[in-house]
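In what follows, a structure is listed as structure tokens, so that the remarks can point back to it.
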Amino acid sequence: DGGITQSPKYLFRKEGQNVTLSCEQNLNHDAMYWYRQDPGQGLRLIYYSQIVNDFQKGDIAEGYSVSREKKESFPLTVTSAQKNPTAFYLCASMNTGSEGTSNTGELFFGEGSRLTVL
Amino acid sequence: DAKTTQPTSMDCAEGRAANLPCNHSTISGNEYVYWYRQIHSQGPQYIIHGLKNNETNEMASLIITEDRKSSTLILPHATLRDTAVYYCIVRVGNTGKLIFGQGTTLQVKP
């Protein structure tokens, strides 16, 4: 079945370590997104990519890095520069084809990765 | 980019209609309004979206005011499983950037 997969679901890391969260989609979507969610808060955009080999910073990109070498994959690295990395991370994708075709503008979300820094 | 404002929380009796308001007074002509909901610790689920006209699907109805500065999501017969956080968000054309607000926590009560 088509969908978007995040891994790992739970991750623990020590302070000062970088960690990479995986996001893979087989929906043939051009656009992919990373959001962060803190307890009781809404989603905040970290990075997004509308096409392979291109990505833009969202509202809270500091301390994070991404790559988009393949259409299917958009990994997020949480670096040691991120001061408060403990959070729930959500990846999403969207078909950004022209309106009137199959583009509803609907975001498809993964199930999330919960990162805890010890 | 447009921002959205929603009430922090709302209650609704089971079986009654739930009307969730959203203010997006700075919305531009090419910005779509989307509604998602999130059940605890899961990825958000798409509900409905619209640009100018009112929309209805199997889950809900979306009423957009004529000036497009606000909208209302209507769940016609709320059930206990509709208890969730509901997000009203805007999308700028095909830029792909979506701006989430704080959401409304809807509590459906028996």
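The values are calculated or read from the model by the stated rules, or taken from the named source; none is laboratory data. Computed from a predicted model, the values in this text were never measured in an experiment. Because the Cβ atoms are built from the backbone with ideal geometry, glycine has one as well, and the counts that use them run over all protein chains shown. Remember, those area values only see protein heavy atoms, side chains included, never the ligands or the DNA or RNA. Shrake-Rupley method; radii C 1.70, N 1.55, O 1.52, S 1.80 Å.
Taking 0.36 nm per residue of sequence separation and removing the Cα-Cα distance, the A:THR77/A:ILE51 pair yields an extension gain of 7.5 nm. For segment A:1-52, the normalised intensity computed at q = 0.15, 0.16, 0.19 Å⁻¹ comes to -0.57, -0.65, -0.88 (log10 of I(q)/I(0), Debye sum over alpha carbons, equal scatterers, no solvent). From the largest down, the protein assembly as shown spans 49, 40, 36 angstrom on the principal axes of its Cα atoms.
When you restrict to C-alpha pairs under 8 Å that are six or more residues apart and normalise by the size of chain A, the relative contact order lands at 34 percent. Mind checking which lysines have their Cα closer than 24 Å to the Cα of B:LYS69? Skip sequence neighbours fewer than 8 apart in that chain. Within the straight-line limit of under 24 Å, B:LYS69 reaches these lysines: B:LYS3, B:LYS52, B:LYS97.
Just so you know, the averaged projected area of the alpha carbon convex hull for segment B:1-42 sits at 4.4 nm².
According to the Kirkwood relation over distinct C-alpha pairs, the hydrodynamic radius of segment A:39-85 is 11.5 Å. Excluding same-chain neighbours fewer than eight residues apart, the lysines reachable from A:LYS14 by a Cα-Cα span under 28 Å are A:LYS57, A:LYS83. In the context of the full protein assembly, A:ASP59 retains an accessible surface of approximately 100 Å², using a probe radius of 1.4 Å and ignoring ligands and nucleic acids.
Please give the FRET efficiency for A:GLU69 paired with B:ASN30, using the beta carbon to beta carbon distance and R0 = 25 Å, rounded to the nearest 0.05. According to the calculation, E is roughly 0.20.
In this label model, A:TYR10 and B:ASP11 are separated by 3.4 nm, measuring between points 7 Å along each Cα→Cβ vector. Shape analysis of chain A yields a ratio of the Cα radius of gyration to the Kirkwood radius, Rg/Rh, of 0.97.
The tail of the calculated P(r) for segment B:40-110, taken as Cα-Cα distances beyond 17 Å, holds 49 percent of the pairs. A cut-off of 5 Å between modelled amide H atoms, ignoring neighbours fewer than 5 places along the same chain, links B:GLY103 with B:GLN6, B:CYS88. The largest-to-smallest principal axis extents of the Cα set in segment B:1-71 are 35, 25, 21 Å. Note on A:GLU111 and A:GLU62: the model spin-label points, each 7 Å out from Cα along the C-beta direction, lie 3.4 nm apart.
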